[in-house]
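A quick write-up on the structure given underneath.
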Amino acid sequence: LGRRGPDYLQGLNEEQRDAVLTIDGPLLVLAGAGTGKTRVLTTRIAHILSTRKARGSEILAVTFTNKAAREMKERIASLVGSSVEGMPWLGTFHSIGARILRRHAELVDLKPAFTILDTDDQIRLIKQLLEAENIDEKRWPARQFAGMLDDWKNRGLLPRDVTPAESGFYANGKGAKLYADYQARLKTLNAADFGDLLLECIRLFRENPKVLEEYHQRFKYMLVDEYQDSNVAQYLWLRLLAQGRPANEANICVVGDDDQSIYGWRGAEVDNILRFEKDFPGAKVIRLERNYRSTANILAAASHLIAHNEGRLGKTLHTDVAEKGETVAVTSVWDSEEEARQIGEEIEQFQRQGETLNSMAILVRASFQMREFEERFITLGLNYRVIGGPRFYERKEIRDALAYFRLVAQPADDLAFERIVNTPKRGLGDSTLKILFDAARHQNVPLLSATRMLIETEELKSKQRTTLRDLVGQFDDWSERLRTIPHAELAEQILDESGYTAMWQNDKSADSPGRLENLKELVRSMEEFETMGGFLEHVALVMDRDSFEADDAVSIMTLHSAKGLEFNTVFLPGWEEGLFPHQRSLDESGRAGLEEERRLAYVGITRGRKRVRISLAQNRRIHGLWQSAIPSRFLDELPAEVVEVKDTGSSYGGYGYGGRTANRFQSVDPFESVYETPGWQRARAQQAQRKGSGPLTIEGELVARSVDLGPGSGYKVGDRVFHNKFGYGEIAALEGNKLTIDFQTGRKKVLDSFIRKA
Ligand code: ATP
Ligand code: MG
């Protein structure tokens, strides 16, 4: 101890040490996953503090999440103890922006206690503005404008910077004016939206050189983690703060990895990292190449995959651990239910071997995938936590949808009524609702019954009466249909006819496509229940058990939220074309979109320390019909040497993936209704092209179309059939177009499209 400096430097490799000790002048640490970038930042802060180069309050450190900030604070405290004065300004861009704004609120026309608006408030405000301008909200949805605002603010544009071209067609070119009105309105409300936390800070600095000067004096050292995902506004904000010294003397240290840039869709600019050396001439660049997190096999898988991207800076990653570790398992299962069951079993097995649940995580591409896992874990009594968002049944869109279904099934459910009576907005204001509530209380009847009575009276204005009459009529209609059509089908009709689906379709904010996917998943899951009542009861039980959170729990989160984290065991489910890479990215951003998806895969794999388990479902059940999914192209991009392919017994074995086994295409878009992407055809053609075969043929043979088969496909139990791979067999059971067949080699589940009558 002590031979080579203080404790906190022990164990660092030479480059890391260099990065920690080079505290004066601009520094860029550009390095791959798991090389210790975050650790270097933390140690740098410890170093600055313990050498008394600066006090805590003179250090600005930006992390990507609040959680990361908390962890960093703990680490620093443990490295330097409580002997140092004050903690650094450590947090996300937004939290630090808010802190600065509150100190100078008056200068940006706010009061220090200003509120930070949530999305709902923001939408309400925009609607008022649209109304004031006589702009038809149906034609120009408020949510679309909210999306535009977000984009402008991420790009650092004030109302005066918004050109007519920027503003586009929205509200016939009134975008910039609306933006100005919106900002003015925020001031009267003493409020700021999320984007303002940085943008107003930038304005504050630009318009008040004295204030900026104060921060130049204050922040002697600046540090930024995950720099590859900073956007323009964040970049401008940092540049302003760094201007206290000549650029070549700025004490700013940024760390990042161009291969982990995954927020391009939210305006992040990977160019920021590429530009750093230009912005800060003479900047020192340190590359870290030794990975301390993952096994050699995991690294090989990740490096091989990411090598398929073009335009990378290129980095080397290696580990010094001789042991290669476990292979990366790729498991192909029948469907997502089996996927959840399988992963649940593995988790329990690892747990029996002494691993904690905290050391395991499931990283999904889209949040709708979480439902299957949550339900499975609840059944198993396995503790889990959802990171970076609510649990599936706690999501707003799911709660709203459930409220509709509950009210159809149980017209006396007043909580459900309250939730949806004005969602989507129907122009029923508080005064109308108060009349409903009063009537219900006085008559001692449920709200829906009270409404039914009121619409026959003159208590309400005629406009509201009409609206409510329509609504009650719809509920009567739905209740009627509940007796005649399958409940999942009805559920979809309810969401469409009530305008609820349209509400999110018109929403142009970044999370609305995910919400629509969640709704589809909800409807899909209903098919597993006999009745609406059975489904609702199940949900009630699941939600009830949700409330408990244990100390030791498996983490479930999206790949986007997993950045910077690490787990011994990482499960990566749903590696299917259209889901991952996600069709939306391909459709909207083409090659760039694909590359961002690939970086996301890279982030996923590199979260694993000991083992990474990838899985894919061969089938998705959509409208009661089983449809085949195509394995993700990313599977082809993993090096065969480190991958072990597993095919579970109950699945259709002929469905291999990649170039290793014959790939079978079907003329059906498995994601058609889940993702609503016409681009599927294109994806399939592209994939076929890559494989060097036409879209529908394999070795010249036309592959069956399951689209015109289905429940009435003409087979019955006992039929003798022939299957290309498994040979002759006899049908043991049928479920829609999913058949269980006894072959000579054993019992298998297959799709009817792959067999013919023998
Ligand atoms: P990411 O790109 O995923 O954010 P990173 O580059 O920030 O990764 P860290 O999270 O800082 O990497 O480090 C990865 C793991 O390696 C951590 O568990 C860290 O404690 C460990 N580690 C880093 N450097 C060393 C070292 N010199 N000796 C031992 N362990 C180290
Ligand atoms: Mg990190």
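None of the figures in this text is laboratory data; all of them are computed from the coordinates on show. What you see is a predicted model, and the numbers here were worked out from it, not measured in a lab. Don't worry about glycine lacking a Cβ; one is built from the backbone with ideal geometry, like all the others, and counts go over all protein chains shown.
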Shape call for region 579-646, from the Cα gyration tensor axes a ≥ b ≥ c (a/c under 1.5 means rounded, otherwise prolate when a/b beats b/c, else oblate), comes out oblate
For Lys646, counting only lysines whose alpha-carbon sits under 17 Å away and dropping same-chain residues fewer than eight positions off, the answer is Lys748, Lys749
Among region 448-469, those whose backbone N falls under 16 Å of a label point 7 Å along Cα→Cβ from Ser431 are 458-466
Counted neighbours (other Cβ, 10 Å), sorted fewest up, put Asp335, Asp320, Asp24 in the order Asp320, Asp24, Asp335
One would report the Cα pair-distance distribution of region 115-189, bin width 10 Å, in %, as 19, 60, 21, 0
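Starting from the Cα-Cα distance between Asn190 and Arg266, subtract it from 0.36 nm times their residue separation and give me the gain in nm to one decimal. Could you put the intermediate results ahead of the total?
Details: separation 76, 0.36 × 76 = 27.36 nm, distance 2.66 nm.
That works out to 24.7 nm of additional length.
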His318 and Arg275 label points (each 7 Å along its Cα→Cβ direction) are spaced in nm at 3.5
For region 403-553, shape from the Cα gyration tensor axes a ≥ b ≥ c, cut at a/c of 1.5 then a/b versus b/c, turns out prolate
Taking a crude spin-label model, label points 7 Å out from Cα along the C-beta direction, the Thr740 to Asp136 distance in nm is 5.6
One finds, for Asn568 and Asp511 with R0 = 30 angstrom and r their Cβ-Cβ distance, a FRET efficiency to the nearest 0.05 of 0.50
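Got a sec? How would Tyr384, Tyr235 order by Cβ neighbour count within 10 Å, fewest to most?
Fewest to most other Cβ atoms nearby, the residues stand as Tyr235, Tyr384.
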Checking rank on 171-177, 326-332, with mean other Cβ inside 10 Å and highest first, the result is 326-332, 171-177
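Once whole DSSP H runs in the chain are found, which of them have Cα atoms spread over 27 Å or more along the helix axis and a mean Kyte-Doolittle score of at least 1.0?
Numbers: long enough: 462-482 (30 Å, -1.16).
Span-like helices in the chain: none at all.
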Cβ density ranking, 10 Å radius, fewest first, applied to Asp476, Asp151, Asp551 yields Asp551, Asp476, Asp151
Under the rule rounded for a/c under 1.5, else prolate if a/b exceeds b/c, else oblate, using alpha carbon gyration tensor axes a ≥ b ≥ c, the chain is classed as oblate
